[in-house]
Amino acid sequence: MSSERRLHPLSIVFESGRVLRGLLLPLVVLLFATMNDDGGSVVILTIIAAISALVGVGGIIRFMRFTYRYDERDLVIRSGLFTRKERRIPYVRIQNLDAAQNPLHRLLRVAGVYVQTGGGAEPEASLSVLPLSALEEMRARVLASGGRADAADGPAEAPSAAPAGLAQPRRTLLVLNPRDLIVAGFIENRGMVLIFGALALLEQSGATSNFFERLFESDNAVMSGLAARWPGAANVPAAQGALIVIAAVLTILFFIRILSTIWAVVRLYGFRLERVGDDLHTEYGLFTRVSATIPLRRIQTVIIRERLLHRWLGRRSVMVETAGGQMANTGAPQREAIAPILSVEHLPALLHELHAGLDLSEVLWQPVHRRAFGRMLRGSLFWPLVLSATAWVVIDEWAIAILVALLTMAVVHARLRSRYIGWSLTRDSIVVRDGSLTRTTRVARFNRIQVAAMDRSPIDMRTGMASVRADTAGARSGLVVPFLPDDSAVQLHGEIVVRAAATEFTW
Amino acid sequence: MQDTEQATTAAVVGESHPLDPRWITYRRRVAAVRSAFVAITLAGAGAAAVLILAWPVAPVAAAALVLVIATTSLSLWWPAVAYRHASYRLTARALEIRRGVLWRSVIDVPRSRIQHSDVSQGPIERLHGLGTLSVFTAGTHHALVTLHGLDHHRALSIRAHLLHADEDDVI
């Protein structure tokens with residue numbers, strides 16, 4: 001029974017700051033709105049001062065009431081402003097200890113610590129903030145005594161955790177330099193998220209409506225410029241508008257890619273993946289530095305993704321699904337990819353670390369129903385027809401071009417996908433791959449499979465197909481094999497049940 | 001009590017069993033109540049259309065009548081069809097549940113993956129002597145697998161069987 005410990009005193013500042021940020025923003029906006037009205041701004045300022053004082057006092061009380069200690073088997077956290085709450089978290093149940101540091105945290109050598117247990121999307125406990133030394137101590141105590149004796153994945157794996165977390169074997173698996181991150185950001189194209197966020201903000205200030213109004217005014221410089229280059233086009237209002245729209249869309253798309261690239265470099269700066277004993281450590285981030293721990297035994301599914309650009313550039317992206325530790329709104333770091341990008345040659349070595357004995361090149365892929373192509377194609381006819389019909393209304397015969405383009409895309413997509421979907425059962429796991437241009441391979445050990453389901457929609461029954469799902473913990477889309485011939489589906493389903501039932505599942 | 005339970009479950013384990021036939025009656029009665037609500041709503045909508053929107057009475061009344069008859073007969077006929085396509089099977093290895101008429105599913109939960117299980121009875125289920133077995137797993141899509149339409153005692157004995165089997169396992 002060790003002594004009761006407190007958070008770092010700076011927690012008061014950080015936590016109060018966090019609460020105030022949420023409350024004050026609307027008030028500050030209001031303040032600016034009433035700046036001309038003296039009476040109103042005084043009232044607002046008083047309110048702001050009062051709220052800040054309240055939050056500050058509350059923060060101090062909360063700080064005084066929050067303690068934690070290390071018992072023999074559990075981490076005990078006591079907290080509560082009015083009602084006292086004692087939470088016991090057995091070390092065995094703790095899956096991850098994630099830490100997040102923004103630049104201020106880094107400056108002051110503290111970190112926000114989030115305790116993740118199985119099956120929850122939110123951290124079981126958040127300790128904001130702890131000094132870095134306390135974080136190291138927590139890692140050492142919690143993860144070293146995390147009940148490794150009950151790992152039942154196979155023949156007794158000798159725990160490689162040294163006592164008290166000292167001198168654990170550390171092996172660097174992956175380091176990404178900024179150039180890798182630029183490639184990753186460019187491929188992943190996450191810029192849309194930022195765009196939507198920015199647009200939402202702009203919308204509130206009315207900037208977007210102004211922008212579009214000015215863009216479409218007829219005496220606009222851009223329009224005149226285009227009209228000068230294509231004298232004929234100036235006479236065709238539809239072409240004029242279409243040119244503007246196309247140019248704008250292309251510029252925006254390109255801009256989004258650039259944004260995504262910058263975002264990736266900032267978010268994943270200095271990415272480092274290490275194996276420490278039986279855990280994976282990831283560290284990344286330029287401004288907010290995130291440090292996450294993933295015990296290997298908590299990995300439920302390994303996901304390897306390759307977009308078209310990945311394939312062209314000889315890269316892949318690897319993620320894992322763990323039970324617990326998905327995105328949370330409480331400021332805990334998101335579960336990031338294990339390897340946001342890595343070259344194809346290094347993939348087997350990494351997979352070997354995550355899933356000993358897995359060799360993707362030796363997998364015998366079983367195909368799906370030979371009629372899958374036709375069925376996929378029939379299913380994908382809806383949107384091309386609808387979209388070209390709507391386009392017909394606007395641009396008449398040009399809609400045929402759109403129809404042809406969309407149909408070609410549909411055919412290509414269906415062809416690639418019907419040929420690519422495959423499944424296989426290895427000695428200890430099920431492997432599923434799916435996709436057309438963007439391809440995903442999912443691997444899960446049988447001892448991680450929870451439920452096996454076979455589903456047939458009315459169309460499945462007409463075409464003699466079925467889809468089989470192997471459910472795991474923490475799954476986003478899960479291991480699903482659609483368009484299987486009936487007998488293969490029954491066979492696969494039965495096999496999964498047999499093998500899953502023969503193994504034991506432990507967190 | 002334990003012996004009777006084990007005797008019952010001995011009969012349960014191994015083969016495929018349909019649901020309890022009283023489930024059809026239960027579903028029909030629930031459907032009847034629902035249809036009554038639908039009829040009232042349609043009548044109200046029809047009346048509103050006639051009185052407020054000045055639609056002609058005869059077509060509206062005919063349409064409403066047709067809809068009411070269609071939905072009522074469908075909901076009274078359906079439970080028997082669903083019953084024919086529903087079954088469960090408890091083996092030493094797993095609990096298998098089959099259900100669905102248009103969208104058919106076969107769900108297998110290995111015994112070792114059952115985190116815990118519940119037996120529950122809604123008030124109307126209680127009137128018919130039925131119960132629902134809920135099985136919780138660590139999965140995502142099938143974190144909760146339910147089996148409705150069981151005889152209440154049968155559900156209890158299945159659950160007891162699942163629990164006892166856990167205790168017998170050497171972990």
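The values are calculated or read from the model by the stated rules, or taken from the named source; none is laboratory data. As the structure is a prediction and not an experimental result, all values here were calculated from the model. Every residue, glycine among them, receives a Cβ derived from its backbone with ideal geometry; neighbour counts consider all protein chains shown. Please note that ligands, DNA and RNA were not included when accessible areas were found on the heavy atoms of the full protein model with its side chains. Shrake-Rupley method; radii C 1.70, N 1.55, O 1.52, S 1.80 Å.
For a paramagnetic label modelled on A:Arg378 (point 7 Å from Cα along Cα→Cβ), amide N atoms under 17 Å away belong, within region B:99-134, to B:103.
Label-to-label distance, A:Leu81 versus A:Ala405, with points set 7 angstrom from Cα along the beta-carbon direction: 5.5 nm. Across region A:305-312, rounded Karplus estimates of 3J(HN,Hα) from the backbone phi angles (6.51 cos²θ - 1.76 cosθ + 1.60, θ = phi - 60°) give 10, 9, 7, 4, 5, 4, 4, 5 Hz, Gly and Pro being marked x.
Per the Kirkwood formula applied to alpha carbons, region B:27-171 shows a radius of gyration over Rh ratio, Rg over Rh, of 1.18.
Across B:Asp118, B:Asp20, B:Asp151, mean-square fluctuation computed from a Gaussian network of chain B (C-alpha pairs under 10 Å connected) peaks at B:Asp118. Take the alpha-carbon centre of region B:76-97, take the same for region A:1-77, and report the distance between them in whole Å. Cα centroid to Cα centroid, the span is 55 Å.
Rounded to the nearest 0.05, what FRET efficiency do B:Val101 and B:Ala58 give with R0 = 41 Å and r taken as the Cβ-Cβ distance? Could you check? If you can, show how the numbers build up before the last one.
Numbers: r = 36 Å, r/R0 = 0.87.
It comes to 0.70.
Here's how it looks for A:Leu280: its modeled amide H is under 5 Å from those of A:Ile294, A:Leu296, which are all 5 or more places away or on a different chain. The Rg/Rh ratio of region A:251-309, with Rg taken over Cα atoms and Rh as the Kirkwood radius over Cα pairs, comes to 1.10.
Restricting the calculation to Cα atoms, region A:350-441 yields a radius of gyration followed by a Dmax of 18.7, 59 Å. If you look at the Cα atoms of region B:7-94, you get an Rg and a Dmax of 20.8, 67 Å. Excluding ligands, DNA and RNA, the accessible surface per residue across region A:77-127 is 47 Å² with a 1.4 Å probe.
What do you get for GluC sites (Glu not before Pro) in region A:1-100 restricted to DSSP loop and a cutoff of at most 16 other Cβ within 10 Å of the site's Cβ?
Numbers: sites: A:Glu4, A:Glu15, A:Glu72, A:Glu86; in loops: A:Glu4, A:Glu72.
For GluC sites (Glu not before Pro) across region A:1-100 that sit outside H, G, I, E and B with at most 16 neighbouring Cβ atoms in 10 Å, the list reads A:Glu4, A:Glu72.
Scalar couplings 3J(HN,Hα) for region A:126-140, obtained by applying the Karplus form with A = 6.51, B = -1.76, C = 1.60 to θ = phi - 60°, are 10, 10, 10, 10, 10, x, 4, 4, 5, 5, 4, 4, 4, 4, 4 Hz; x denotes Gly and Pro.
Accessible area per residue was computed with a 1.4 Å probe on protein heavy atoms; A:Phe186 scores about 80 Å². Compared with the direct C-alpha span, the chain from A:Glu345 to A:Val386 gains 10.4 nm at full extension, assuming 0.36 nm per residue.
Dipole magnitude for region A:1-79: computed about the Cα centre from +1 point charges on Lys and Arg Cβ and -1 point charges on Asp and Glu Cβ, it is near 320 debye. A simple charge model with +1 on the Cβ of Lys and Arg, -1 on the Cβ of Asp and Glu and nothing else charged puts the dipole of region A:450-507 at about 160 debye relative to its Cα centre. With R₀ fixed at 51 Å, the C-beta to C-beta distance from A:Arg18 to A:Ser477 puts the FRET efficiency at about 0.95. Amide H to amide H, with H built 1.01 Å from N, B:Leu130 comes under 5 Å of B:His152, counting only residues 5 or more places away or on other chains.
How would A:Phe271, A:Phe382 line up by accessible area, probe 1.4 Å, largest first? Don't skip to the answer; put the middle values down first.
Working: A:Phe271 0, A:Phe382 125 Å².
From most exposed to least exposed: A:Phe382, A:Phe271.
Sequentially through region B:74-79, phi angles give Karplus couplings (6.51, -1.76, 1.60; θ = phi - 60°) of 4, 6, 7, 7, 4, x Hz, Gly and Pro residues having no value and appearing as x. Please identify the trypsin sites (Lys or Arg not before Pro) of region A:421-497 that satisfy two criteria: DSSP loop assignment and at most 13 other Cβ atoms within 10 Å. Which are they? Of the trypsin sites (Lys or Arg not before Pro), the ones in loops of region A:421-497 whose Cβ has at most 13 other Cβ atoms within 10 Å are A:Arg427, A:Arg476. Dividing the Cα radius of gyration of region B:85-143 by its Kirkwood radius returns 1.00 for Rg/Rh. In this Cβ point-charge picture (+1 for Lys and Arg, -1 for Asp and Glu), region A:286-437 has a dipole of about 280 debye about its Cα centre.
For A:Asn102, the residues whose modelled amide H falls within less than 5 Å of its own, excluding neighbours fewer than 5 places apart on the same chain, are A:Arg289.
Order the following by accessible area, largest value first: B:His153, B:His148. Probe radius 1.4 Å; ligands, DNA and RNA are ignored. Walk me through the intermediate numbers first.
Numbers: B:His153 130, B:His148 90 Å².
In descending accessible area the options line up as B:His153, B:His148.
Since only B:Val101, B:Leu156, B:Leu67 are under comparison, the one whose Cα sits farthest along the positive direction of the charge dipole of chain B, derived from C-beta charges on Lys, Arg, Asp and Glu, is B:Leu67.
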